[in-house]
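Comments concern the structure below.
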Amino acid sequence: MLGVSDVPRAAAFWSAALGYVAREEMADDWVVLVPAEGTGVQLSLGLSETPVQEHPRVHLDLYAGDARDQAAEVERLVSLGARRVDWDLASEDADFVVLADTEGNRFCVIDTGHH
């Protein structure tokens, strides 16, 4: 489960980001998102009053094919409401870009073609 402070807002972002839909009618405090095109990993979003961690132990990684795909995916996600995060733990040649969703939860977009 991904903790959020605004379930409808988070559901809208992650549905657009991943191409997912709500499995059933969304509650005020909970929703499970599933792939729109069939089976796959499901993502639950639950209401949380816990503050976002600056360096979370658990986060999502979204994979892109190469640097060009990564840049396009980052821009698409930013256009949906994500924001870039300056990540103090990244090396200069890191294969990832850290973003925060509409709730401030950190996630990465990985360049799988990076050597």
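With contacts taken as Cα pairs under 8 Å at a separation of at least 6 residues, segment 5-115 carries a relative contact order of 25 percent. For the chain, with all protein chains in place and a probe radius of 1.4 Å, 50% of the accessible heavy-atom surface sits on carbon or sulfur. Count Lys and Arg as plus one, Asp and Glu as minus one, and take only other residues whose Cβ is under 10 Å from that of D101; the net charge is then +2. Couplings 3J(HN,Hα) of segment 81-90, computed from phi: x, 5, 9, 6, 10, 6, 9, 5, 9, 8 Hz, in residue order, whole Hz [Karplus 6.51 cos²θ - 1.76 cosθ + 1.60, θ = phi - 60°; x for Gly and Pro].
Computed with a 1.4 Å probe over protein heavy atoms only, the accessible surface of segment 6-63 comes to 68 Å² per residue. Dividing the summed -39500 (n - 2.57) terms of all DSSP H runs of n ≥ 4 by the residue count of the chain sets its mean residue ellipticity at 222 nm at -7000 deg cm²/dmol. The amide H of S5, built 1.01 Å from its N in the peptide plane, has S48 as neighbours under 5 Å, considering only residues 5 or more places off or on other chains.
Classify segment 1-63 as rounded, prolate or oblate from the Cα gyration tensor: take a ≥ b ≥ c as the square roots of its eigenvalues, call it rounded if a/c is under 1.5, otherwise prolate when a/b beats b/c and oblate if not. Don't skip to the end; give the middle numbers.
Working: a/c = 2.19, a/b = 1.28, b/c = 1.72.
Here segment 1-63 falls in the oblate category.
Taking only Cα atoms, what is the 0 to 90° angle, nearest 10, from helix 67-79's long axis to the longest principal axis of the chain? It is inclined by approximately 40 degrees. Antiparallel beta bridges, as assigned by DSSP with both residues in the chain, represent about 65 percent of the total such bridges. Between the alpha-carbon centres of segment 94-112 and segment 1-25 there is a gap of 17 Å.
At the listed q of 0.17, 0.20 Å⁻¹, the Debye profile of the chain, built from one uniform point per Cα, gives log10 I(q)/I(0) equal to -0.85, -1.13.
Dipole check for the chain: with +1 at the C-beta of Lys and Arg, -1 at the C-beta of Asp and Glu, and the Cα centre as origin, the magnitude is about 160 Debye.
Amide H contacts for L60 (H built 1.01 Å from N in the peptide plane; partners 5 or more residues away or on another chain; cut-off under 5 Å): C108. As a ratio to 2.2 N^0.38 Å, the alpha-carbon radius of gyration computed for segment 57-98 takes the value 1.18. Could you state the angle between the C-alpha long axis of helix 7-18 and the longest principal axis of the C-alpha atoms of the chain, as a value from 0 to 90 degrees rounded to the nearest 10? So the inclination is approximately 50 degrees.
The values are calculated or read from the model by the stated rules, or taken from the named source; none is laboratory data. Just so you know, these numbers come straight off a predicted model, no measurement behind them. Heads up, the Cβs are rebuilt from the backbone with ideal geometry, glycines too, and the neighbour counts pull from every protein chain shown. The area values use the complete protein model at the heavy-atom level, side chains included, leaving out ligands, DNA and RNA. Shrake-Rupley method; radii C 1.70, N 1.55, O 1.52, S 1.80 Å.
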